[in-house]
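A short write-up of the structure that comes next.
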Amino acid sequence: MTSTFEIAVFAGDGIGPEITDPTVKILQALSDRASGYTLQFTDAAAGAAHYAKTGESLPSASMETARRSDAILLSAMGLPDVRYADGTEISPQIDLRKALTLFAGVRPVTVRAGQSTPLNMPKGKEIDFVLIRESTEGLFYSQGHGEVTENEARETLLITRDISEKLFRFTFELANQRKAQGRGPGRVTCVDKANVFRAFAFFRDIFDAEAAKHPNLTADHAYVDATALWMVQKPWEFDVLVTENMFGDILSDLGAGLMGGLGLAPSADIGLDNAVFQPCHGSAPDIAGQGVANPFAMILSAAMMLDWLGIKHDNAEMAADGKRLREAVEAVVAEGKVLTRDLGGTAGTAEAATAVQAQLVLEVA
């Protein structure tokens, strides 16, 4: 029996539409070949350009499309010269996180053998870990509502038991999945600053309570500053890291740097019922329309979407296609023959996407 899944597609700003189009075409090709699932794509308007035209950054119709969809594929959002009246950025992705309670921000960090990286990697080592960033509260809680006077400014950091329990439950489930897939040893690290802030001691206590329910996994702690150091010195030792919103925002960009840049950094924001999949990079309006944008992070985000849908709906074919798509991008990048300018190559968007499609065909053959 074939199941149909609706995918809400937010094409975004700047280079967003240019990297969304080939990604959706790859997904459509996989769907056309599949026997156990069908993907149906619904466009949804949002973003800075839409705000500039209409005064709305995330229309109610687009929010409704997002709510009812089985998954949300969201491209780069925002433009530097389009802001709200208070000067903050147009960021529908954050609005979606809060409205849909997408508490788990999943940021994979992967460097395969042969892949270029700023690190001096020991021979035989690869990097394959996941950083999970709480995405609805933390230091982002008072976004746009901080208190500013002539002499001081204040922002509120919020950590709640309800969200933290959901976050840690998700984290340990993911570690179990990775262990079963042979991708990790089953180690979960809570990254915090519990030696300074009571809020993070609270965060750590909730982590420890969830860890006690998973005796088959290893649970430990690390301060965020030490973690930043170890991500440079020995990132191959990590498996699953979980942290607060702001810490995760910073560390995920460090993780992208290990891979060679944001052009290889996919992400997901996942809740109990909904999930958004998007590249970590910005809209890069300076190169929009030139056909040179890197589509790899967008395609990798689509691969994460297939994997999540496959696991959630017990659809082995969809999960397998997600794995195939991820490995196809990794193979193209590791081979190094077809790379975009940000990765040191000369390929354009279309050529890079075509290389991934070709790799998928080779795998099928």
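Coordinate-derived values only; no laboratory data. For clarity, every value in this text was computed on a predicted model and none was experimentally measured. Virtual Cβ from ideal backbone geometry, glycine too; neighbours counted across all protein chains shown.
Hydropathy at least 1.6 by Kyte-Doolittle, axial extent at least 30 angstrom from the Cα trace: which helices of the chain, defined as entire DSSP H runs, fit?
Correct list, ordered by number: empty.
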task: Work out which GluC sites (Glu not before Pro) in the chain are exposed loop sites (DSSP not H, G, I, E or B, at most 10 other Cβ within 10 Å) and give the longest gap free of them.
output: 153-365
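Taking square-rooted eigenvalues a ≥ b ≥ c of the alpha carbon gyration tensor, is the range 38-186 rounded, prolate or oblate, where a/c under 1.5 means rounded and, failing that, a/b exceeding b/c means prolate?
Numbers: a/c = 1.69, a/b = 1.46, b/c = 1.15.
Prolate, since a/c reaches 1.5 and a/b exceeds b/c.
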task: Could you check the simple spin-label distance between Leu272 and Asp32, using points 7 Å along Cα→Cβ, in nm with one decimal?
output: 4.0 nm
query: Once you put a point 7 Å from the Cα of Ala358 and another 7 Å from the Cα of Ala334, both along the Cβ direction, what distance in nm separates them?
result: 1.8 nm
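Based on DSSP H runs of at least 4 residues, each adding -39500 (n - 2.57), what is the mean residue ellipticity at 222 nm of the chain after dividing by all its residues, to the nearest 500 deg cm²/dmol?
Helices in the chain give a 222 nm mean residue ellipticity of -13500 deg cm²/dmol.
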task: Obtain the nm distance between the two label points defined at Ile311 and Trp230 by a simple spin-label model: each point lies 7 Å from its Cα along the Cα-to-C-beta direction.
output: 2.2 nm
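FRET efficiency for Leu158 and Asn195, Cβ-Cβ distance as r, R0 = 25 Å, nearest 0.05?
Details: r = 20 Å, r/R0 = 0.80.
Using R0 = 25 Å, I get an efficiency of 0.80.
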Listed peptides 338-347, 186-195 by packing density, highest first (mean Cβ within 10 Å): 186-195, 338-347
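Beyond 28 Å between alpha-carbons counts as too far, so tell me which of Lys193/Lys312; Lys234/Lys323; Lys53/Lys98 fall in that bin. Present the calculation step by step, with values, prior to reporting the outcome.
Values: Lys193/Lys312 33 Å; Lys234/Lys323 26 Å; Lys53/Lys98 24 Å.
Where the Cα-Cα span goes over 28 Å, the pairs concerned are Lys193/Lys312.
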